[in-house]
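Report on the following structure.
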Amino acid sequence: MSTITLVEVIPFTFVVHDLGLGAHRAMGVSNLRYEKGASLTVMRYAVRIATDDGLSGAYVTHWVGTQAALGQTVMLAPHLLGRNPEHREVIYDDLKRETRAYDGMGHGPLDIALWDLVGRKYGISVTAMLGGWRTRLPTYASTHHGQDEPGGLDSIEAFADYAAACKARGYPAFKIHGWHDGDRRREAAVVHAVRNAVGDGMEIMVDPGCELRTWADALYVGQACDEARCFWYEDPYRDSGLSVDGNRRLREKLKTPLMVSEHVRGPEQKASFAIAGACDIFHVDPEYDRGITGVLKINHFAESIGMDVQVHACGPAHRAIVAATRNTHFYELALVGPGMPNLVPPVYECGYADQEEALGHDGTMPVPDGPGLGVRYDFEFIRKHATAVHAFAL
């Protein structure tokens with residue numbers, strides 16, 4: 001039996017070019033804009049778990065790399081000491097209880113690292129552990145938000161032109177993240193412009209990112225989604241994706257499938273949304289939803305009631321889940337835009353990438369098939385650029 005003797009949580013920084021935060025200077029989710037010549041310093045963090053018999057597993061965050069999530073991961077990490085890493089189910093339950101007063105966002109990276117460790121112990125990929133059969137994943141372009149300053153996605157026409165370029169590049173689908181001001185007329189106009197630009201040969205999805213100010217605004221843009229034959233409509237208004245009743249009433253009035261639940265955590269709350277009739281598709285994420293273990297619970301519930309799921313954002317754990325999930329459609333390359341890199345850490349020594357250049361000509365991304373997550377992290381880079389090392393040992 002392996003016993004966990006060391007857990008390290010290592011926040012580190014890296015620099016991304018041609019992206020900026022604008023006047024607000026706040027690093028959150030989707031607050032970026034194109035700034036030619038800018039240099040943006042970004043924080044993410046690594047988790048490394050080691051055992052008494054020389055094994056180790058790791059995960060480096062993509063979207064959960066925030067100070068809020070880091071604090072929870074550091075809080076939870078000592079609870080793994082002395083545990084058998086193969087006992088992921090009971091560990092999941094224990095860590096869920098420990099974060100009952102919080103949103104649980106720091107739980108996922110620890111669970112993913114446990115899956116990586118056990119896969120490496122037995123020389124098998126996480127994809128194979130999950131029963132995955134897909135080797136390449138149809139991938140959609142998920143855009144950065146619109147901006148009013150010149151550059152990037154700075155107009156309705158810029159969105160339409162970029163969608164047409166993505167179609168020519170081979171993407172089978174395109175998701176619009178509109179502007180932060182919640183102007184319903186501009187949001188509806190960009191939906192129609194993108195449909196006109198790509199025709200019927202490409203799926204379109206719309207995610208206002210909870211920026212529409214009212215339920216009526218959400219209905220207005222949703223009706224544009226119906227007219228443009230969108231594949232789904234996601235997290236539209238300022239309920240922050242949390243109102244069961246508001247989303248149920250919206251769903252009743254629209255034809256476009258409603259995808260809500262990115263901002264509610266875990267199987268219990270997502271099940272409540274489905275039972276109440278508040279969404280058509282679940283949005284799941286192994287970083288957000290308490291790891292691979294948590295996402296499996298959600299996916300199996302959804303399958304049992306005939307619902308589809310979509311995996312939010314990108315990463316090696318995300319690819320393994322999509323590869324093993326029947327009731328899903330695409331892998332999300334988030335976020336991209338003209339001249340705008342995807343904000344993921346440059347820590348892979350194995351050629352793994354979530355930049356547009358890695359997309360195959362057939363519009364797919366490969367599924368790593370090596371042991372564990374199938375990727376090798378550059379811990380020399382991570383430690384060199386570390387801002388702290390939180391180490392917990394027996």
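The values are calculated or read from the model by the stated rules, or taken from the named source; none is laboratory data. Remember, it's a predicted structure, so these values are computed and weren't measured experimentally. Because the Cβ atoms are built from the backbone with ideal geometry, glycine has one as well, and the counts that use them run over all protein chains shown. Side chains are part of the model used for accessible areas, which takes the heavy atoms of the whole protein and leaves out ligands, DNA and RNA. Shrake-Rupley method; radii C 1.70, N 1.55, O 1.52, S 1.80 Å.
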Legend entry - Rg/Rh (Cα only; Kirkwood hydrodynamic radius) as it applies to segment 145-295: 0.98
Inset, instruction - Report the Cys residues of the chain lacking a disulfide-compatible partner, meaning no second Cys Cβ under 4.7 Å from their Cβ. - result: 166, 210, 279, 314, 350
Inset, instruction - Rounded to the nearest 10 degrees, what's the angle between the helix 88-98 long axis and the longest principal axis of the chain, both from Cα atoms, 0 to 90? - result: 70
Inset, instruction - Report, in whole Å, the centroid distance computed from the Cα atoms of segment 335-394 and segment 183-248. - result: 31
Inset, instruction - Mind sorting out which of (1) 20.3, 61; (2) 22.1, 72; (3) 20.9, 78 is the real Rg and Dmax of the Cα atoms in Å computed from the coordinates? - result: (1)
Inset, instruction - List, in the order given, every pair from 297/384; 36/175; 175/255; 121/297; 175/270; 167/297 whose Cα-Cα distance in the structure shown is over 26 Å. - result: 297/384; 167/297
Inset, instruction - Quick one: which residues, 5+ away or cross-chain, put their amide H under 5 Å from the amide H of residue 239? H built at 1.01 Å from N. - result: none
Legend entry - Tilt relative to the chain, helix 215-227 - C-alpha long axis, 0 to 90 degrees, to 10: 80
Inset, instruction - Would you mind checking which residues have amide H under 5 Å from residue 333's amide H? H placed 1.01 Å from N; only 5 or more apart, or other chain. - result: 140, 142
Inset, instruction - Calculate how large, on average over all directions, the projected area of the Cα convex hull of segment 342-388 is; give the answer in nm² to one decimal. - result: 4.2
Inset, instruction - In a Gaussian network model over the chain where Cα atoms closer than 10 Å are linked, find which of 345, 150, 368 has the largest mean-square fluctuation. - result: 150
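Please report the antiparallel percentage of the DSSP beta bridges confined to the chain, to the nearest 5.
55
In whole Å, what three semi-axes, largest first, describe the equivalent ellipsoid of segment 156-215 built from its Cα gyration tensor (square root of 5 times each eigenvalue)?
Those come to 22, 11, 9 Å.
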Legend entry - Residue-wise HN-Hα coupling along segment 353-369, computed from phi with Karplus coefficients 6.51, -1.76, 1.60 (Hz; x: Gly, Pro): 7, 10, 10, 4, 4, 7, 5, x, 5, 8, x, 10, 10, x, 9, x, 10
Legend entry - Mean-position separation - Cα centroids, segment 80-102 and segment 126-159, in angstrom: 32
Inset, instruction - Would you kindly derive the ³J(HN,Hα) couplings of segment 281-297 from the backbone phi angles with the Karplus curve 6.51 cos²θ - 1.76 cosθ + 1.60 (θ = phi - 60°), listing them in order in whole Hz, with x for Gly and Pro? - result: 9, 7, 10, 10, 7, x, 6, 7, 9, 6, x, 4, 4, x, 5, 4, 4
Inset, instruction - Between 326, 100, 248, find the one with the highest GNM mean-square fluctuation for the chain; connect C-alpha pairs within less than 10 Å. - result: 100
Legend entry - Stokes-Einstein D in µm²/s, Kirkwood radius over Cα pairs - segment 61-147 at 20 °C with 1.002 mPa s viscosity: 142
Legend entry - Calculated P(r) tail over 15 Å for segment 227-305, as whole % of Cα pairs: 52
Legend entry - Vicinal HN-Hα couplings computed from phi for segment 169-182 (Karplus, 6.51 cos²θ - 1.76 cosθ + 1.60; Hz; Gly/Pro x): 6, x, 4, x, 7, 9, 10, 8, 9, x, 8, 7, 8, x
Inset, instruction - Give me the angle, in degrees from 0 to 90, between the Cα long axis of helix 244-253 and the longest principal axis of the Cα atoms of the chain, rounded to the nearest 10. - result: 40
Legend entry - Debye log10 I(q)/I(0) for segment 56-213, one point scatterer per Cα, at q = 0.12, 0.17 Å⁻¹: -0.76, -0.97
Inset, instruction - For 304, 2, 155, 272, write out the residues from largest to smallest accessible area, computed with a 1.4 angstrom probe and no ligands counted. - result: 304, 272, 155, 2
Inset, instruction - Mind grabbing the accessible area of residue 89 for me, 1.4 Å probe, Å², rounded to tens? - result: 100
